[in-house]
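Undergrad: Got a structure here, written out as structure tokens. Questions coming.
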Amino acid sequence: MDSYHIPPPAGTHVSLSDVPLGNLYPFFMQWQVPVATATIYTALAFFFNTKMPRSAASKRPLNPPSRLTAMNCAIFVHNAILAIYSGWAFYTVFPHFARNVAQKGLCDGLCDVDGTMWNSVLFVQNYLFYLSKYYELVDTLVLFLKGRTASLLQIYHHAGIIVVMYYSNYYAPAVTVFMVWENAGVHTVMYTYYALTAIKINVPGKKYLTTLQIVQFLFGQSSVLLYFVLPNCQTADQRKWMWILTAYLLPLIYLFTRFFAKTYKKDQPRIKKD
């Protein structure tokens with residue numbers, strides 16, 4: 001594995017021995033790993049989609065509404081793990097980000113030219129955020145266990161983010177801080193919602209959860225545009241990642257808005273025609 005070892009980005013002063021799961025860094029930072037994972041995941045997702053029953057019966061609950069099963073408990077644990085991790089990531093990154101901007105000013109704080117934010121918190125959290133995207137593939141497995149198919153939106157979202165976050169770790173752009181704390185904040189809410197519904201606690205407002213996700217991606221893309229115009233903020237390589245992220249986000253925003261319109265348009269009041 002040493003012959004394929006990719007060291008941390010230039011300017012990183014954090015020892016991998018001090019990073020949780022740092023021993024896996026040489027493996028996961030080979031480009032073949034995210035590409036192969038995304039490809040295999042996509043192929044399997046579409047394959048199992050064809051095996052799912054198309055009848056309405058396949059969408060019925062696997063157990064009575066008031067009864068908890070072992071699968072319910074397993075799904076609760078899965079979502080609770082992601083909710084706790086996301087809350088911890090947000091709590092860790094956002095205060096450092098806010099403090100960096102407050103102390104250095106908007107431009108220097110956002111650009112992190114001296115690497116203060118990268119070395120204090122972002123290198124570690126960006127790496128763990130990347131690893132978490134592999135674990136989030138379990139979301140699709142949960143759908144199949146429920147007898148449901150995976151949408152194009154979900155498949156694209158999960159496969160694409162693995163590759164995007166690999167390159168985020170490879171190029172180390174300062175703008176990735178928005179990806180980490182913003183996504184972690186939204187995921188804290190989202191996975192808490194799914195954890196509670198898994199144990200039959202009815203939480204209203206799923207429509208607003210989808211809205212929150214769309215706002216997240218719009219805000220993320222706006223952040224990228226800001227970094228494009230900030231002078232002397234990102235290197236040429238870091239700008240490559242910004243283009244990669246943009247190429248990923250624009251279709252994702254379209255898919256999410258289409259899903260929102262298709263899912264919730266039935267809730268809109270109908271206007272009677274004379």
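Undergrad: Out of region 97-115, which residues are aliphatic (A, V, I, L, M) and surrounded by 14 or more Cβ atoms within 10 Å (Cβ to Cβ)?
TA: Scanning region 97-115 gives 101, 110, 113.
Undergrad: Let me ask you something else. Tell me whether region 147-165 contains one or more residues that are at pLDDT below 95 and more than 17 Å from residue 263 (Cβ to Cβ).
TA: Taking every residue of region 147-165 in turn, at least one turns out to be at pLDDT below 95 and more than 17 Å from residue 263 (Cβ to Cβ).
Undergrad: Need the failing condition index for residue 241 against (1) touching a residue at least 12 places away in the same chain (Cβ under 8 Å); (2) out of contact with any Phe, Trp or Tyr (no Cβ under 9 Å at 6 or more places or on another chain); (3) more than 22 Å from residue 187 (Cα to Cα), just the number.
TA: It fails just one condition, (2).
Undergrad: Across region 97-115, what is the number of residues that are among the small types (Gly, Ala, Ser) and either assigned to a loop (DSSP other than H, G, I, E, B) or on the phi > 0 side of the Ramachandran plot (or both)? Steps first, please.
TA: To start, the set of residues in region 97-115 that are among the small types (Gly, Ala, Ser) comprises 98, 102, 105, 109, 115.
Adding the requirement that they be either assigned to a loop (DSSP other than H, G, I, E, B) or on the phi > 0 side of the Ramachandran plot (or both) leaves 105, 115.
Total satisfying the criteria: 2.
Undergrad: When only residues in region 119-146 that are aromatic (Phe, Trp, Tyr) and buried (at least 16 other Cβ atoms within 10 Å of the Cβ) count, which is modelled with the lowest pLDDT?
TA: First pass over region 119-146, keeping only residues aromatic (Phe, Trp, Tyr): 123, 127, 129-130, 134-135, 144.
Then keep just the ones that are buried (at least 16 other Cβ atoms within 10 Å of the Cβ); that gives 123, 127, 129-130, 134, 144.
Working: 123: 97, 127: 98, 129: 97, 130: 98, 134: 98, 144: 93.
This residue is 144.
Undergrad: I'd like the residue in region 1-59 that is in a helix (DSSP H, G or I) and among the basic types (Lys, Arg) and, out of all such residues, is modelled with the highest pLDDT. I'd like the intermediate steps shown before the answer.
TA: Step one: list which residues in region 1-59 are in a helix (DSSP H, G or I), which gives 2-4, 16-18, 22-28, 32-51, 56-59.
The next check asks that each one be among the basic types (Lys, Arg); those that pass are 51, 59.
Values: 51: 85, 59: 50.
Looking at the filtered set, the residue picked out is 51.
Undergrad: I would also like to ask the following. Being crowded, with 20+ Cβ neighbours inside 10 Å and in a helix (DSSP H, G or I) is true for just one of 193, 208, 166. Which residue is that? It would help to see each step written out before you state the result.
TA: On the way: 193 fails: crowded, with 20+ Cβ neighbours inside 10 Å; 208 fails: crowded, with 20+ Cβ neighbours inside 10 Å.
Going through 193, 208, 166 in turn, just one is crowded, with 20+ Cβ neighbours inside 10 Å and in a helix (DSSP H, G or I): 166.
Undergrad: Now for a separate question. Taking the condition under 24 Å from residue 111 (Cα atoms) and either at pLDDT 95 or above or of a type outside the set (Gly, Ala, Ser) (or both), does residue 217 pass?
TA: Values: under 24 Å from residue 111 (Cα atoms): yes; either at pLDDT 95 or above or of a type outside the set (Gly, Ala, Ser) (or both): yes.
Considered against the rule, which asks whether it is under 24 Å from residue 111 (Cα atoms) and either at pLDDT 95 or above or of a type outside the set (Gly, Ala, Ser) (or both), residue 217 comes out as yes.
Yes/no per residue for (1) part of a helix (DSSP H, G or I); (2) within 13 Å of the chain's Cα centre (by Cα); (3) surrounded by 16 or more Cβ atoms within 10 Å (Cβ to Cβ):
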site	(1), (2), (3)
81	yes, no, no
86	yes, yes, yes
95	yes, no, no
117	yes, no, yes
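Undergrad: Right, another one. So for region 229-246 (the condition being at pLDDT 95 or above and surrounded by fewer than 14 Cβ atoms within 10 Å (Cβ to Cβ)), does at least one residue qualify?
TA: Checked against the condition, which is being at pLDDT 95 or above and surrounded by fewer than 14 Cβ atoms within 10 Å (Cβ to Cβ), region 229-246 yields at least one hit.
Undergrad: One residue is enough: does region 199-215 have a residue meeting the conditions of a type outside the set (Asp, Glu), closer than 20 Å to residue 249 by Cβ and within 13 Å of the chain's Cα centre (by Cα)? Full working, then the answer.
TA: Taking region 199-215 as the starting set, the residues that turn out to be of a type outside the set (Asp, Glu) are 199-215.
Imposing the further condition that a residue be closer than 20 Å to residue 249 by Cβ reduces the set to 209-215.
So of that shortlist, the ones also within 13 Å of the chain's Cα centre (by Cα) come out as 213-214.
Scanning region 199-215, I find at least one residue that is of a type outside the set (Asp, Glu), closer than 20 Å to residue 249 by Cβ and within 13 Å of the chain's Cα centre (by Cα), so the answer is yes.
Undergrad: Follow-up. Of 153, 128, which residue is touching a residue at least 40 places away in the same chain (Cβ under 8 Å), touching a Pro at 6+ places or on another chain (Cβ under 7 Å) and hydrophobic (A, V, I, L, M, F, W, C)? Before you say what the answer is, go through the steps one by one.
TA: Working: 153 fails: touching a Pro at 6+ places or on another chain (Cβ under 7 Å).
Answer to the check: 128.
Undergrad: For residue 173, indicate whether it is crowded, with 20+ Cβ neighbours inside 10 Å and either touching a helix residue (DSSP H, G or I) at 6+ places or on another chain (Cβ under 6 Å) or over 25 Å from residue 96 (Cα atoms) (or both). I'd like the intermediate steps shown before the answer.
TA: On the way: crowded, with 20+ Cβ neighbours inside 10 Å: yes; either touching a helix residue (DSSP H, G or I) at 6+ places or on another chain (Cβ under 6 Å) or over 25 Å from residue 96 (Cα atoms) (or both): yes.
Yes, satisfied.
The values are calculated or read from the model by the stated rules, or taken from the named source; none is laboratory data. What you see is a predicted model, and the numbers here were worked out from it, not measured in a lab. Neighbour counts run over all protein chains shown; Cβ positions are idealised from the backbone, glycine included.
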